[in-house]
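Below is one structure, written out as structure tokens; comments come after it.
The values are calculated or read from the model by the stated rules, or taken from the named source; none is laboratory data. Just so it is clear, the structure is predicted and the values come from calculations on it, not from any experiment. All Cβ positions, even for glycine, are placed from backbone atoms using ideal geometry, and neighbour counts span all protein chains on display.
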Amino acid sequence: MRKSIIAGNWKMNKTLQEGISFVKELESKLKNKNVNCDVIVCVPFIHLVSIYEIIDTKIIKLGAQNNADNSYGAYTGEISAAMIASTGAKYVILGHSERRVFYKETNLSLKKKVELALKNNLIPIFCIGESLEERKSAKQNMVIETQMKDSLFSISANDFEKIILAYEPVWAIGTGETATSNQIQDMHTFIRKIIVNKYGQAVANKTSILYGGSCNENNAKEIFANSNVDGGLIGGASLKIDTFLQIIETF
């Protein structure tokens, strides 16, 4: 069965001290709740070790926001998958639209990142999504399928089962815009069909597909009611305890 997942992406927010304070409070509040989903926080690199040392990973799971497309070497400023794994983190966001746009990440470079993450026993939260121009041109299905084929379809079915997908319409990130319930359901259904065609129904049934386009405490319940939506990759709403908790509590 597919897992229900709420993953918070802090992006470039929170000092180390603020991050530690946040997860302590979050864990304290989650301890007394029957949470029916996995809760993941994906934090800046410098937070990983300190946060891992204080959390109960049965309550909160830890992830990074990127890993390099090389194993090691003269790549100043880069962080390898092995380095992330050595902190105790188990998850890593790859292919986020901000990295595709601002840092020119390509499907090929992301293919390398996925393979290195898996090699180091990290679980990729792999982001896919179309721009507003691509949506208006009715190219969204082609874009999504190409992103998946070029970056993910070289891996085995066993490895693909470890992947978490996150559909994030680029036009709905940080804009306050959200795809309609029908648009979300249609795309998540299409994504699952792509998986069926490549890896079969059994693998598709195990793959969690999250929604990641301006999901917040006000629209989460409606979004998660869609049968092919297994949770959310949450940006701004994951930075405050009360809003993040409200989203988690929808499960």
*Kindly indicate the residue of region 141-151 that is touching an Asp or Glu at 6+ places or on another chain (Cβ under 9 Å) and among the hydrophobic types (A, V, I, L, M, F, W, C) and also surrounded by the most Cβ atoms within 10 Å (Cβ to Cβ) among those meeting that condition.*
I144
_If I filter region 63-107 down to residues being in a helix (DSSP H, G or I) and among the aliphatic types (A, V, I, L, M), which single residue comes out as surrounded by the fewest Cβ atoms within 10 Å (Cβ to Cβ)?_
V101
*Hits in region 114-137 - residues which are at pLDDT below 95 and not in a loop (DSSP other than H, G, I, E, B)*: L132, E133, E134, R135, K136
*Mind checking which residues of region 210-222 are in contact (Cβ under 8 Å) with a residue 40 or more places away in the chain and surrounded by fewer than 24 Cβ atoms within 10 Å (Cβ to Cβ)?*
S214, N219, E222
*Looking at region 153-182, which of the residues that are under 15 Å from the mean Cα position of the chain (by Cα) and aromatic (F, W, Y) is surrounded by the most Cβ atoms within 10 Å (Cβ to Cβ)?*
Y167
*Does region 112-140 hold any residues that are among the polar types (S, T, N, Q), over 30 Å from M83 (Cα atoms) and surrounded by fewer than 16 Cβ atoms within 10 Å (Cβ to Cβ), and which are they?*
S137
*Would you be able to say whether some residue in region 50-62 is at pLDDT below 95, surrounded by fewer than 19 Cβ atoms within 10 Å (Cβ to Cβ) and assigned to a loop (DSSP other than H, G, I, E, B)?*
no
